[in-house]
Amino acid sequence: MAPQPRPDLLACHECDALYPHRHPAPGDIQRCRRCGATLARGHWLRPDGQLALTVGALLVLAIASGSEIVTLELQGIHSVATLFEAIVATWTTGEHAVAVIALATAFCFPLAVVVLRLWVLLPVAFGRPVRAFVPAMRALRWVLRWSMVEVFMLGVLIAVVRSAGVTQVVVGPGLFAYVALAVLLAAIEACDMDELWRLGEGHRA
Ligand SMILES: [Zn+2]
């Protein structure tokens, strides 16, 4: 017979010690008494707050990917580049790997992070069952490793600084939207996955 899950118990990720599952107050941290690892963290952000931030991140991602990131001016030639135009331009110069990595880390993975969180948070907010809860959570854990908006932003900033001596570079609204997206994603990811597991567990389809 398969072992039954015990939501009343919490296992340490480091040493497998078992503790009663209590939910720390906002700002509190529950640590393992044997090895000191963090077991659970109390967050100020409630589920509806997480949902609001995640919807905000989706809107900001739409703005970031649809607006121009930089405008280049060289000898009267005015060139505006959105994320997708920059990726297509990179692809046509033969840098296929760079184009694919930029598309994945700056658009596909952040979108997947936001959509998978909404997949769990929306039904929870409306008191509906969460379909395919466990596969969605496993996929979320995987895509979180590859969502690198801040690395993409750093790359754009380095490119802007390096181009500044050659051409006139004007930073566009898309880059500011990416800054806002990086802040929103950091705030959302600060709410650890255990909290999301706990929320979704109670609403599994
Ligand atoms: Zn431990």
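For a quick check of your reading of the filter: which chymotrypsin sites (Phe, Trp or Tyr not before Pro) in region 105-203 sit in a DSSP loop and have no more than 12 other Cβ atoms within 10 Å?
126
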Self-check item: Distance in nm between pseudo-label sites at residue 96 and residue 146 (7 Å out along the Cβ direction from Cα)
Solution: 1.8 nm
Quiz item: Taking amide H positions as placed 1.01 Å from N in the peptide plane, with prolines and chain starts having none, which residues 5 or more places from residue 17, or on another chain, fall under 5 Å of its amide H?
Solution: 12
Quiz item: Any idea of the accessible area per residue across the chain, 1.4 Å probe, to the nearest Å²?
Solution: 59 Å²
Quiz item: Top mean-square fluctuation among 13, 23, 43, Gaussian network model of the chain, C-alpha springs under 10 Å?
Solution: 13
Practice problem: Quick one: what are the phi-derived ³J(HN,Hα) couplings along region 36-41, Karplus 6.51/-1.76/1.60 with θ = phi - 60°, whole Hz, x for glycine and proline? | Solution: x, 5, 6, 8, 7, 10
Quiz item: After finding the eigenvalues of the alpha carbon gyration tensor for region 1-42, what semi-axes result from the square roots of 5 times each, listed largest first in whole Å?
Solution: 20, 14, 6
Quiz prompt | Portion, in percent, of the accessible area of the chain that falls on carbon or sulfur, probe 1.4 Å | solution = 65 percent
Quiz item: Under a point spin-label approximation (7 Å from Cα along Cα-to-Cβ), what is the residue 187-residue 75 distance to one decimal in nm?
Solution: 4.6 nm
Quiz item: What is the Cα centroid distance between region 111-153 and region 79-99, reported in whole angstrom?
Solution: 28 Å
Quiz prompt | On Cα atoms only, tilt of 83-92 relative to the major axis of the chain in degrees | solution = 60 degrees
Exercise. Quick one: what are the phi-derived ³J(HN,Hα) couplings along region 15-27, Karplus 6.51/-1.76/1.60 with θ = phi - 60°, whole Hz, x for glycine and proline?
Key: 10, 6, 5, 9, 9, x, 7, 10, 9, x, 5, x, x
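Viscosity 0.890 mPa s, temperature 25 °C: Stokes-Einstein D of the chain from its Kirkwood Cα radius, in µm² per second?
Value of D from the Cα-based Kirkwood radius: 127 µm²/s.
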Quiz item: At a Förster radius of 41 Å, what calculated FRET efficiency corresponds to the Cβ-Cβ distance of residue 125 and residue 16, to the nearest 0.05?
Solution: 0.75
Quiz item: Given R₀ = 30 Å, FRET efficiency for residue 46-residue 89 by Cβ-Cβ distance, to 0.05?
Solution: 0.10
Self-check item: If the convex hull is drawn through the Cα atoms of region 111-205, its volume per residue in Å³
Solution: 92 Å³
Quiz item: When the label point is put 7 Å from the Cα of residue 62 along its Cα-to-beta-carbon vector, which residues of region 118-144 have a backbone N closer than 16 Å?
Solution: 118-119
Practice problem: Taking only Cα atoms and a 10 Å spring cutoff, compute GNM fluctuations for the chain and point out the largest among 164, 52, 182. | Solution: 164
Practice problem: Please give the length that would be gained between residue 180 and residue 118 if that part of the chain were fully extended, namely 0.36 nm times their separation in residues minus their C-alpha to C-alpha distance (nm, one decimal). | Solution: 20.5 nm
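The values are calculated or read from the model by the stated rules, or taken from the named source; none is laboratory data. Keep in mind it's a predicted model, so treat the numbers as computed, not measured. Neighbour counts are summed over all protein chains in view; Cβ atoms, including those assigned to glycine, are modelled from backbone coordinates with ideal geometry. Note: accessible area is taken over every heavy atom of the protein model, side chains too, but ligands, DNA and RNA are not part of it. Shrake-Rupley method; radii C 1.70, N 1.55, O 1.52, S 1.80 Å.
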